[in-house]
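Down below is the structure, laid out as structure tokens.
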Amino acid sequence: MIAMQDDSIEALLPAELLAFLPCATPAGWVEAALANQALLLIDHAQCEKKAASTAMSLMYRYVDRPLLLTKMSQLAREELLHFEQVVKLMEERGIRYRQLSASRYADGLRRHVERDDPQRLIDILIVGAFIEARSCERFARLIPHLDAELAKFYRSLVKSEGRHYEDYLMLAQRFAEGPIESRIAFFADRERELIETPDETFRFHSGLPAVA
């Protein structure tokens, strides 16, 4: 079993981000990630590309919100840069980038997004905050166990992904017509289920690895 270095996690992650997430990533997922590092990197690249696509989609849909346009433009550029960096790391390690089936995680959250605005936008932003916060937390969980090059790269991502989480949450609060705490709590419950229940397929955002 892996000895989790909680002090390192606490040092890497803001207290607000840890409090936002409903649970910690299970140690079993960390063990699976370390045993499947090529798959981890391939899916990580795919996640960065999807994150950029989500930001661009919001820019096209909500053209009348300058703050959202600015934040999503910045986010999309950063996510595409991260994508390029992951692909470069993979090339250096002899890992071929290929398409993978999506994990259940993002779809499991987005299926609960309301269909109509203005609540649709708020829900999408809350879901974005959870995805970015969980990504940040998983980078931090992995860092103590990785080789120096990958640990340094993931350490740099902790800062940017943490900023993305903050931006999504700030935008949700800014555009909401009322308090969003109950909606955050709703998605937190869904997120916990996805992270803590058995998952047959290993991915960057997959749940607890199923025992064969």
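The values are calculated or read from the model by the stated rules, or taken from the named source; none is laboratory data. Owing to the predicted nature of the structure, the values given are computational and were not obtained by experimental measurement. So basically every Cβ, Gly included, is an ideal-geometry build from the backbone, and we count neighbours across all protein chains shown. We work out accessible area using only protein heavy atoms, side chains counted, and drop any ligands, DNA or RNA first. Shrake-Rupley method; radii C 1.70, N 1.55, O 1.52, S 1.80 Å.
Among the residues of region 75-103, just one is within 15 Å of the chain's Cα centre (by Cα), open to solvent by 50 Å² or more (accessible area, probe 1.4 Å) and at pLDDT below 95, namely ALA102. Determine whether LYS49 is under 28 Å from ARG190 (Cβ atoms), in contact with an Asp or Glu (Cβ under 6 Å, 6 or more places away or on another chain), open to solvent by 10 Å² or more (accessible area, probe 1.4 Å) and assigned to a helix (DSSP H, G or I). No: the conditions fail for LYS49. For region 164-180, the set of residues classified as assigned to a loop (DSSP other than H, G, I, E, B) and in contact with a Lys or Arg (Cβ under 9 Å, 6 or more places away or on another chain) consists of ALA176 only. Residue count for region 22-45 under the criterion of being assigned to a helix (DSSP H, G or I) and either open to solvent by 50 Å² or more (accessible area, probe 1.4 Å) or free of Cβ contacts under 8 Å to residues at least 60 places away in the same chain (or both): the result is 8. Just one of (1) at pLDDT 95 or above; (2) open to solvent by 60 Å² or more (accessible area, probe 1.4 Å); (3) part of a helix (DSSP H, G or I) fails for ARG183. It is (2).
Across region 104-114, the qualifying residues are those that are open to solvent by less than 30 Å² (accessible area, probe 1.4 Å) and more than 30 Å from ALA148 (Cβ to Cβ), and the one among them that is farthest from the chain's Cα centre (by Cα) is VAL113.
Restricting attention to region 168-176, does a residue exist that is within 22 Å of ALA140 (Cα to Cα) and among the small types (Gly, Ala, Ser)? Steps first, answer last, please.
Keep residues of region 168-176 that are within 22 Å of ALA140 (Cα to Cα), which gives 168-169.
Then drop every residue that is not among the small types (Gly, Ala, Ser), which leaves none.
Scanning region 168-176 turns up no residue that is within 22 Å of ALA140 (Cα to Cα) and among the small types (Gly, Ala, Ser).
If you check ARG192 against the conditions, is it touching a residue at least 60 places away in the same chain (Cβ under 8 Å) and open to solvent by 20 Å² or more (accessible area, probe 1.4 Å)? Yes, satisfied.
Condition first: part of a loop (DSSP other than H, G, I, E, B) and either more than 21 Å from LEU109 (Cβ to Cβ) or open to solvent by 60 Å² or more (accessible area, probe 1.4 Å) (or both). Now tell me which residues in region 9-21 satisfy that.
The initial filter retains those residues of region 9-21 that are part of a loop (DSSP other than H, G, I, E, B), namely 13-14, 21.
Within region 9-21, PRO14 is the sole residue that qualifies.
Each residue in region 115-164 was checked for being of a type outside the set (A, V, I, L, M, F, W, C), under 22 Å from ALA176 (Cβ atoms) and buried (at least 18 other Cβ atoms within 10 Å of the Cβ), and 6 pass.
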